[in-house]
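The values are calculated or read from the model by the stated rules, or taken from the named source; none is laboratory data. In this text the structure is predicted, and so the values were computed from the model without any measurement. Note: ideal-geometry Cβ built from the backbone for every residue, glycine included; neighbour counts use all protein chains shown.
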(Lines give C-alpha, C1' and ligand atoms only; values in the text may rest on other atoms or scores of the structure.)
Protein backbone atom coordinates (compact mmCIF):
# COMPACT_ATOMS: atom_id res chain seq x y z
CA UNK A 1 0.00 0.00 0.00
CA UNK A 2 1.73 3.23 -1.13
CA UNK A 3 2.72 5.61 1.65
CA UNK A 4 1.81 8.62 -0.48
CA UNK A 5 -1.48 7.19 -1.66
CA UNK A 6 -2.33 6.90 -5.37
CA UNK A 7 0.39 7.13 -8.01
CA UNK A 8 -1.94 8.54 -10.65
CA UNK A 9 -5.34 10.16 -11.10
CA UNK A 10 -6.60 7.02 -12.80
CA UNK A 11 -5.55 4.88 -9.83
CA UNK A 12 -7.38 7.23 -7.47
CA UNK A 13 -10.54 7.13 -9.60
CA UNK A 14 -10.44 3.32 -9.67
CA UNK A 15 -9.73 2.97 -5.94
CA UNK A 16 -12.64 5.24 -5.03
CA UNK A 17 -14.90 3.42 -7.46
CA UNK A 18 -14.01 0.09 -5.83
CA UNK A 19 -15.29 1.60 -2.58
CA UNK A 20 -18.50 2.84 -4.23
CA UNK A 21 -17.55 6.49 -4.64
CA UNK A 22 -18.01 7.59 -8.25
CA UNK A 23 -15.81 10.52 -9.31
CA UNK A 24 -14.67 11.80 -12.70
CA UNK A 25 -11.06 12.65 -13.58
CA UNK A 26 -11.72 16.41 -13.45
CA UNK A 27 -12.80 16.26 -9.81
CA UNK A 28 -10.32 13.55 -8.90
CA UNK A 29 -7.35 15.60 -10.12
CA UNK A 30 -7.38 18.18 -7.27
CA UNK A 31 -7.73 15.31 -4.77
CA UNK A 32 -4.75 13.53 -6.31
CA UNK A 33 -2.63 16.70 -6.38
CA UNK A 34 -3.45 17.53 -2.77
CA UNK A 35 -2.33 14.06 -1.71
CA UNK A 36 0.84 14.04 -3.80
CA UNK A 37 1.85 17.59 -2.84
CA UNK A 38 0.75 17.05 0.77
CA UNK A 39 -1.36 20.20 0.68
CA UNK A 40 -4.74 20.70 2.36
CA UNK A 41 -7.72 20.44 0.02
CA UNK A 42 -10.67 22.80 0.46
CA UNK A 43 -13.86 21.27 -0.96
CA UNK A 44 -16.85 23.59 -1.36
CA UNK A 45 -20.35 22.80 -2.56
CA UNK A 46 -23.97 22.41 -1.50
CA UNK A 47 -24.94 19.94 1.23
CA UNK A 48 -25.26 16.38 0.03
CA UNK A 49 -22.98 16.56 -3.02
CA UNK A 50 -20.36 14.16 -1.64
CA UNK A 51 -17.75 16.42 -0.01
CA UNK A 52 -17.41 14.51 3.25
CA UNK A 53 -17.57 11.16 1.48
CA UNK A 54 -14.42 11.97 -0.49
CA UNK A 55 -12.31 12.11 2.68
CA UNK A 56 -13.98 9.05 4.19
CA UNK A 57 -13.57 7.01 1.02
CA UNK A 58 -9.94 8.04 0.53
CA UNK A 59 -9.22 6.82 4.06
CA UNK A 60 -11.02 3.52 3.44
CA UNK A 61 -9.51 3.01 0.00
CA UNK A 62 -5.90 3.38 1.11
CA UNK A 63 -6.13 2.08 4.66
CA UNK A 64 -5.53 5.36 6.49
CA UNK A 65 -7.08 6.23 9.83
CA UNK A 66 -9.80 8.87 9.51
CA UNK A 67 -9.71 11.62 12.12
CA UNK A 68 -12.73 13.92 11.96
CA UNK A 69 -13.19 17.39 13.37
CA UNK A 70 -16.86 18.33 13.07
CA UNK A 71 -17.10 22.11 13.13
CA UNK A 72 -19.85 24.00 14.93
CA UNK A 73 -20.54 27.47 16.27
CA UNK A 74 -18.41 28.09 19.33
CA UNK A 75 -15.73 25.54 18.44
CA UNK A 76 -12.54 26.64 20.17
CA UNK A 77 -8.85 25.76 20.29
CA UNK A 78 -9.16 23.38 23.21
CA UNK A 79 -11.77 21.22 21.47
CA UNK A 80 -9.93 21.26 18.14
CA UNK A 81 -6.27 20.95 19.17
CA UNK A 82 -5.68 19.95 22.79
CA UNK A 83 -6.65 20.50 26.39
CA UNK A 84 -5.34 19.49 29.78
CA UNK A 85 -6.91 16.79 31.91
CA UNK A 86 -7.91 19.16 34.71
CA UNK A 87 -9.45 16.58 37.11
CA UNK A 88 -6.28 14.48 37.03
CA UNK A 89 -4.12 17.59 37.36
CA UNK A 90 -6.03 18.67 40.47
CA UNK A 91 -5.71 15.20 41.94
CA UNK A 92 -1.98 15.20 41.25
CA UNK A 93 -1.57 18.62 42.89
CA UNK A 94 -3.45 17.38 45.95
CA UNK A 95 -1.30 14.27 46.19
CA UNK A 96 1.92 16.27 45.83
CA UNK A 97 0.80 18.79 48.46
CA UNK A 98 -0.05 16.03 50.90
CA UNK A 99 3.29 14.35 50.27
CA UNK A 100 5.19 17.63 50.52
CA UNK A 101 8.03 16.17 48.48
CA UNK A 102 8.08 18.63 45.60
CA UNK A 103 8.30 22.37 45.18
CA UNK A 104 5.66 24.35 43.29
CA UNK A 105 7.78 24.58 40.13
CA UNK A 106 8.31 20.83 40.15
CA UNK A 107 4.61 20.19 40.62
CA UNK A 108 3.79 22.54 37.73
CA UNK A 109 6.31 20.78 35.49
CA UNK A 110 4.71 17.45 36.38
CA UNK A 111 1.09 18.37 35.71
CA UNK A 112 1.87 20.11 32.41
CA UNK A 113 3.45 17.04 30.86
CA UNK A 114 2.48 14.44 28.28
CA UNK A 115 0.77 12.35 30.96
CA UNK A 116 -1.95 14.97 31.39
CA UNK A 117 -2.34 16.05 27.76
CA UNK A 118 -5.63 15.27 25.98
CA UNK A 119 -5.28 15.08 22.22
CA UNK A 120 -8.02 16.57 20.08
CA UNK A 121 -8.33 15.96 16.31
CA UNK A 122 -5.71 18.41 15.00
CA UNK A 123 -3.04 17.36 17.48
CA UNK A 124 -3.87 13.68 17.12
CA UNK A 125 -3.53 13.83 13.34
CA UNK A 126 0.10 15.00 13.51
CA UNK A 127 1.22 12.87 16.48
CA UNK A 128 0.23 9.58 14.90
CA UNK A 129 3.21 7.75 13.43
CA UNK A 130 1.18 6.34 10.55
CA UNK A 131 -0.30 8.65 7.97
CA UNK A 132 -3.88 9.74 8.64
CA UNK A 133 -6.72 11.51 6.84
CA UNK A 134 -7.89 14.59 8.73
CA UNK A 135 -11.40 15.76 7.87
CA UNK A 136 -12.24 19.29 8.99
CA UNK A 137 -15.94 19.08 8.23
CA UNK A 138 -18.22 22.06 7.55
CA UNK A 139 -15.70 24.72 8.53
CA UNK A 140 -18.22 27.41 7.60
CA UNK A 141 -20.28 26.39 10.66
CA UNK A 142 -17.45 27.47 12.96
CA UNK A 143 -16.88 31.09 13.94
CA UNK A 144 -14.53 33.03 11.62
CA UNK A 145 -12.06 33.37 14.50
CA UNK A 146 -11.54 29.61 14.42
CA UNK A 147 -9.87 29.90 11.04
CA UNK A 148 -7.03 31.78 12.71
CA UNK A 149 -6.30 28.72 14.86
CA UNK A 150 -5.83 26.67 11.71
CA UNK A 151 -3.23 28.80 9.97
CA UNK A 152 -0.14 27.45 11.74
CA UNK A 153 -1.42 23.93 11.29
CA UNK A 154 -2.21 24.32 7.59
CA UNK A 155 1.10 26.03 6.83
CA UNK A 156 3.56 23.93 8.81
CA UNK A 157 1.60 20.90 10.04
CA UNK A 158 2.45 21.85 13.58
CA UNK A 159 0.77 23.28 16.67
CA UNK A 160 2.14 25.24 19.57
CA UNK A 161 1.36 24.32 23.16
CA UNK A 162 2.77 27.00 25.49
CA UNK A 163 3.69 24.54 28.23
CA UNK A 164 5.36 22.04 25.86
CA UNK A 165 6.49 24.10 22.86
CA UNK A 166 5.96 23.43 19.17
CA UNK A 167 4.87 19.96 18.11
CA UNK A 168 5.60 19.09 14.49
CA UNK A 169 3.97 16.33 12.47
CA UNK A 170 5.52 12.90 12.75
CA UNK A 171 3.71 12.01 9.52
CA UNK A 172 1.96 14.71 7.50
CA UNK A 173 -1.79 13.96 7.32
CA UNK A 174 -3.94 14.30 4.25
CA UNK A 175 -6.19 17.23 5.14
CA UNK A 176 -9.66 17.67 3.65
CA UNK A 177 -11.64 20.78 4.60
CA UNK A 178 -15.30 20.95 3.59
CA UNK A 179 -17.59 23.96 3.38
CA UNK A 180 -21.24 24.35 2.42
CA UNK A 181 -20.51 27.99 1.48
CA UNK A 182 -22.88 29.44 4.06
CA UNK A 183 -20.23 32.15 4.49
CA UNK A 184 -16.99 33.15 2.82
CA UNK A 185 -13.79 31.75 4.26
CA UNK A 186 -10.75 33.92 4.87
CA UNK A 187 -8.18 34.42 2.12
CA UNK A 188 -5.53 33.22 4.56
CA UNK A 189 -7.13 29.77 4.77
CA UNK A 190 -7.78 29.60 1.03
CA UNK A 191 -4.18 30.47 0.18
CA UNK A 192 -2.96 27.46 2.12
CA UNK A 193 -5.19 24.99 0.28
CA UNK A 194 -5.80 23.52 -3.11
CA UNK A 195 -9.42 23.88 -4.14
CA UNK A 196 -12.25 21.69 -5.43
CA UNK A 197 -15.77 22.88 -6.16
CA UNK A 198 -18.42 20.14 -6.21
CA UNK A 199 -21.99 20.28 -7.46
CA UNK A 200 -24.81 17.76 -7.50
CA UNK A 201 -24.13 14.91 -9.95
CA UNK A 202 -25.72 14.74 -13.36
CA UNK A 203 -28.64 12.37 -13.85
CA UNK A 204 -26.44 9.78 -15.57
CA UNK A 205 -23.80 10.02 -12.84
CA UNK A 206 -26.39 9.70 -10.09
CA UNK A 207 -27.85 6.62 -11.76
CA UNK A 208 -24.34 5.14 -11.77
CA UNK A 209 -23.98 5.98 -8.07
CA UNK A 210 -27.32 4.36 -7.24
CA UNK A 211 -26.35 1.18 -9.06
CA UNK A 212 -23.16 1.06 -7.00
CA UNK A 213 -24.73 1.89 -3.65
CA UNK A 214 -28.13 0.14 -3.74
CA UNK A 215 -28.07 -3.61 -4.21
CA UNK A 216 -30.15 -4.92 -7.11
CA UNK A 217 -31.76 -1.55 -7.86
CA UNK A 218 -33.84 -1.72 -11.05
CA UNK A 219 -32.42 0.48 -13.83
CA UNK A 220 -35.78 2.15 -14.39
CA UNK A 221 -36.20 3.00 -10.71
CA UNK A 222 -32.70 4.48 -10.50
CA UNK A 223 -33.38 6.63 -13.56
CA UNK A 224 -36.78 7.76 -12.30
CA UNK A 225 -35.36 8.72 -8.90
CA UNK A 226 -32.43 10.62 -10.40
CA UNK A 227 -34.68 12.53 -12.80
CA UNK A 228 -37.15 13.35 -10.03
CA UNK A 229 -34.50 14.58 -7.59
CA UNK A 230 -32.79 16.62 -10.31
CA UNK A 231 -36.12 18.35 -10.97
CA UNK A 232 -36.72 18.93 -7.25
CA UNK A 233 -33.27 20.54 -6.91
CA UNK A 234 -34.23 23.13 -9.53
CA UNK A 235 -36.85 24.55 -7.17
CA UNK A 236 -35.13 27.61 -5.70
CA UNK A 237 -37.87 27.98 -3.07
CA UNK A 238 -36.82 24.80 -1.28
CA UNK A 239 -35.53 25.23 2.26
CA UNK A 240 -33.22 22.26 1.83
CA UNK A 241 -32.37 20.60 -1.46
CA UNK A 242 -31.87 16.82 -1.44
CA UNK A 243 -28.39 15.40 -1.89
CA UNK A 244 -27.30 12.09 -3.32
CA UNK A 245 -27.75 10.43 0.06
CA UNK A 246 -31.44 11.38 -0.09
CA UNK A 247 -31.75 9.93 -3.59
CA UNK A 248 -30.32 6.67 -2.25
CA UNK A 249 -32.84 6.78 0.60
CA UNK A 250 -35.69 7.36 -1.85
CA UNK A 251 -34.76 4.36 -3.97
CA UNK A 252 -34.14 2.17 -0.91
CA UNK A 253 -37.51 3.19 0.57
CA UNK A 254 -39.35 2.40 -2.63
CA UNK A 255 -37.67 -0.99 -2.88
CA UNK A 256 -38.48 -1.71 0.77
CA UNK A 257 -42.15 -1.19 -0.11
CA UNK A 258 -41.81 -3.62 -2.99
CA UNK A 259 -42.13 -0.90 -5.63
CA UNK A 260 -40.22 -0.96 -8.91
CA UNK A 261 -41.26 2.51 -10.06
CA UNK A 262 -42.06 5.87 -8.48
CA UNK A 263 -45.79 6.16 -8.95
CA UNK A 264 -47.65 9.02 -7.24
CA UNK A 265 -48.86 6.51 -4.64
CA UNK A 266 -45.31 5.41 -3.89
CA UNK A 267 -44.08 9.00 -3.73
CA UNK A 268 -46.83 9.86 -1.25
CA UNK A 269 -45.26 7.30 1.09
CA UNK A 270 -41.57 7.95 0.39
CA UNK A 271 -41.25 11.70 -0.21
CA UNK A 272 -39.93 12.14 3.33
CA UNK A 273 -36.74 10.45 2.17
CA UNK A 274 -35.78 13.45 0.03
CA UNK A 275 -37.55 16.41 1.63
CA UNK A 276 -36.89 17.23 5.29
CA UNK A 277 -38.87 20.45 5.74
CA UNK A 278 -42.59 20.53 6.44
CA UNK A 279 -43.31 23.24 3.90
CA UNK A 280 -41.16 21.64 1.20
CA UNK A 281 -42.84 18.30 1.79
CA UNK A 282 -46.37 19.71 1.73
CA UNK A 283 -45.73 21.62 -1.50
CA UNK A 284 -44.25 18.55 -3.18
CA UNK A 285 -47.10 16.28 -2.10
CA UNK A 286 -49.72 18.75 -3.33
CA UNK A 287 -48.08 18.69 -6.77
CA UNK A 288 -48.79 14.95 -6.96
CA UNK A 289 -52.54 15.41 -6.63
Review point. Which one is nearest to the chain's Cα centre (by Cα), of the residues in the range 45-70 that are assigned to a strand (DSSP E or B) and crowded, with 20+ Cβ neighbours inside 10 Å?
Key: 69
Point to revise | Residue list for the range 173-216, filter: surrounded by fewer than 16 Cβ atoms within 10 Å (Cβ to Cβ) and either at positive phi or part of a loop (DSSP other than H, G, I, E, B) (or both) | key: 181, 182, 183, 184, 186, 199, 202, 215, 216
Check your understanding: Within the range 219-228, is there a residue that is surrounded by fewer than 15 Cβ atoms within 10 Å (Cβ to Cβ) and within 28 Å of residue 28 (Cβ to Cβ)?
Key -> yes
Point to revise | Any hit, the range 243-250, residues being within 15 Å of residue 207 (Cβ to Cβ), loosely packed, with under 15 Cβ neighbours inside 10 Å and at pLDDT 95 or above | key: no
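Loosely packed, with under 15 Cβ neighbours inside 10 Å and under 26 Å from the mean Cα position of the chain (by Cα), is that true of residue 283?
Answer is no for this residue.
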Review point. Does residue 159 satisfy the criteria of being surrounded by 19 or more Cβ atoms within 10 Å (Cβ to Cβ), under 21 Å from residue 61 (Cβ atoms) and either in the same structural domain as residue 188 (by TED's automatic domain parsing) or at pLDDT 95 or above (or both)?
Key: no
**Study point:** Condition met for residue 118 (touching a helix residue (DSSP H, G or I) at 6+ places or on another chain (Cβ under 7 Å) and either buried (at least 16 other Cβ atoms within 10 Å of the Cβ) or not in a loop (DSSP other than H, G, I, E, B) (or both))
**Key:** no
Point to revise | Among the candidates 73, 92, residue that is in contact with a helix residue (DSSP H, G or I) (Cβ under 7 Å, 6 or more places away or on another chain), in a loop (DSSP other than H, G, I, E, B) and touching a residue at least 12 places away in the same chain (Cβ under 8 Å) | key: 73
Study note, to complete from the structure: Per the filter on the range 1-54, residues more than 23 Å from residue 185 (Cβ to Cβ), out of contact with any helix residue (DSSP H, G or I) (no Cβ under 8 Å at 6 or more places or on another chain) and without any contact (Cβ under 8 Å) to a residue 24 or more places away in the chain are 7, 11, 14
**Study point:** Residues within the range 162-180 that are at pLDDT below 95 and either touching a strand residue (DSSP E or B) at 6+ places or on another chain (Cβ under 6 Å) or not assigned by TED's automatic domain parsing to the domain that holds residue 40 (or both), tallied
**Key:** 3
